[in-house]
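Some notes on the structure that comes next.
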Amino acid sequence: QITLGRATKDNQIDVDLALEGPAWKISRKQGVIKLKNNGDFFIANEGRRPIYIDGRPVLGGNKWKLSNNSVVEV
């Protein structure tokens with residue numbers, strides 16, 4: 001499991017997206033990528049703003065199966 005988001009003093013994450021751009025647009029816990037037992041990867045959007053997978057929006061509270069070479073935009 002890998003957590004994407006914005007690190008704070010009280011919130012440590014695996015990938016700090018605030019290092020890449022405007023931090024105010026990133027939730028502390030924007031998304032989580034998980035590996036399922038069958039080998040599939042899924043991303044769950046846990047933030048308020050959409051995450052785009054191959055140009056398709058994944059809204060907060062939803063998840064999406066990642067394919068080989070998927071492009072993830074936050």
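The values are calculated or read from the model by the stated rules, or taken from the named source; none is laboratory data. From a predicted model like this one, the values you see are computed outputs, not experimental measurements. When we count neighbours, we look across all protein chains shown, and the Cβ atoms used for this are built from the backbone with ideal geometry, even at glycine. Ligands, DNA and RNA are stripped out before the accessible areas are found, and what is left, the full protein with its side chains, is counted by its heavy atoms. Shrake-Rupley method; radii C 1.70, N 1.55, O 1.52, S 1.80 Å.
The share of C-alpha pairs in the chain whose separation exceeds 16 Å stands at 46 percent. With all protein chains in place and a 1.4 Å probe, the accessible surface of the chain carries 47 percent carbon and sulfur. Electrostatic tally near Phe41: other residues with Cβ closer than 11 Å to its Cβ, Lys and Arg +1, Asp and Glu -1, net +3.
For the range 1-41, the relative contact order is 44 percent, taking Cα pairs closer than 8 Å that sit 6 or more residues apart in sequence and dividing their mean separation by the residue count.
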